[in-house]
Amino acid sequence: MENLQNLPIDIQTSKLLDWLVDRRHCNLKWQSSVMAIREKINAAIQDMPENEEIKELLAGSYIHYFHCLRIVEILKGTEASSKNIFGRYSSQRMKDWQEIVSLYEKDNAYLAEVASLLTRSVSYEGPALRKQVAKAQQLQQDLSRREVECQRSALDMSERYYAACKQYGVMGKDVVRELQALVKDLPTVLGEIGKAAAKLQEHIQLYTAFTNFVCEWSEPVLPMLTFAQERGNTTFYEWRTGDAPAVVERPVMEEAPPDKVTEATIDWGDLGSGTETQEENFGITVEEGVDWGITLESGSGDTVGIDWGDTEATPIEIEVLDGGTDCPVGLARGEDALTILENPQSRGQFIDELMELETFLAQRLHEMGEDGDVVAMSQFQLAPTIIQGQTRGHIQEMRATVSNHLEFLTSLRMQRLFMILASPRYVERVSEALRQKIKQTDAFTCKQAVLADKRHEALEEQARLEPRIDLLAARTRELQKQIEADISKRYNNRPVNLMGVNV
């Protein structure tokens, strides 16, 4: 019997309510009784004395039987003045709460209710709060990872922007003005190249002598390089005419216009109107009554043919102008005012001749490296002194000089500068492309800030939920002890263990 007294009663918390009903400690219809009790509790808490402990009991918690017992104990002290000689209280507050306790104890309704509360806390409320905390923690990790990705993308896009600016040779603060400033300095740079072309005299003479010796070439060899070597980077007018211009009117570089064209800015004219007396086609207006100087008449006055004029009359002199001679002599205007390295036509010829000269020097360097070519050596015994006197090392130096000029003129930076010089719209397109990189950088930065705000919100949510879990765990443990003690009294104080209570 003593062993049975010490034998603990283990009850699974999820089956606690069923266990109580099966052993007839509680009624199956306990919920209807509890609903009536809840209404009385809601009415009773409207009139409560000023007491800190009561405020704590009523603050944010579900009022159950054990709370009501404690409230009655507190009211015994606050309502002591209303106690009569028979030991009863005349205070309505005390009567209301004593009635609530009595209703709870009827058919042990309170035991079923607290068992239900414990099961709900363990099986539903606790896991739900833990799930929310885990979700907030996972969200923080994801947002932190995306923040790092946005930061990395912003830095990468910023590096791309400044790398692109470096390729164009600008700082990136005001791309349009900086690009236009580079183009303004371009004539000075090209002038230096023109001066450097004077060092190509020996190169040109060697190639000319070699060509005349091998092929008996009668045409001029490398005419553009020869001209630049003698006169430098002069105007295209001087290259075309052979004379230096008296006046040079260089074209003014326009500001880059907006790269937007709409139908409102295009004059399409009156297409397909079918009018005979007045038509507007492509912005050209043809009106009735315009004298074009052509008469369609026959000898009898009928308009049947074209009268080309009387052969005996004074002939009309027509002056035919050659291309580019519509300006006064000595005036360089338009493309003629550009230097030979600014003009696309002459610059292309200049680069082609540089490539031709480099190819010749590379081939000559290769031939001079062949030790067994005795036939070639015998052939050059009658060659001019400038050909025979060259050494392989000197040819290599000459080729390096030509290659440097060629690489500079054909570099990506120079190609872009030439495109800017040729098309002001190119400046707008380049600046827009660079602006897109900056916009993407700003977008990544803004997105990073938004993600940081969301991460802080998730952190605040976690900080708000964790105290609720701690509070729920403390109340659940307290409720567990109260239920275990209550059941233990029903079984001669045998130890009772509620299993699976974990919040």
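The values are calculated or read from the model by the stated rules, or taken from the named source; none is laboratory data. Here the structure is a predicted model, which is why all the values come from computation and not from measurement. We place every Cβ from the backbone using ideal geometry, glycine too, and count neighbours over all the protein chains shown. When the accessible area is computed, the model is the full protein with side chains, heavy atoms only, and any ligands, DNA or RNA have been set aside. Shrake-Rupley method; radii C 1.70, N 1.55, O 1.52, S 1.80 Å.
Here segment 363-503 is treated with +1 on each Lys and Arg Cβ and -1 on each Asp and Glu Cβ, and its dipole about the Cα centre works out to around 1000 debye.
Checking the Cα-Cα distances for K131/K454; K15/K135; K166/K437; K29/K106; K40/K106 against a 22 Å cut-off, the pairs over it are K15/K135. Other residues lying with their Cβ under 13 Å from the Cβ of V496 contribute a combined charge of +2, Lys and Arg counting +1, Asp and Glu -1. Taking Lys and Arg as +1 and Asp and Glu as -1, the other residues whose beta-carbon sits under 10 Å from that of C165 total +3.
For segment 363-503, the convex hull spanned by the alpha carbon atoms encloses 288 Å³ per residue.
Compute the normalised compactness of segment 112-215: alpha-carbon radius of gyration over 2.2 N^0.38 Å, N being the residue count. Walk me through the numbers on the way to the answer.
Numbers: Rg = 36.3 Å, N = 104, 2.2 N^0.38 = 12.8 Å.
Computed over Cα atoms of segment 112-215, the ratio equals 2.83.
I want the local charge near Q31. Using Cβ-Cβ distances under 15 Å, sum +1 for each Lys or Arg and -1 for each Asp or Glu among the other residues. Can you show the working numbers first?
Details: positive: K29, R38, K106, R120; negative: D18, E39, D107, E113.
Cβ neighbours under 15 Å give a net charge of 0.
On segment 122-259, 52 percent of the accessible area sits on carbon and sulfur atoms, based on a 1.4 Å probe.
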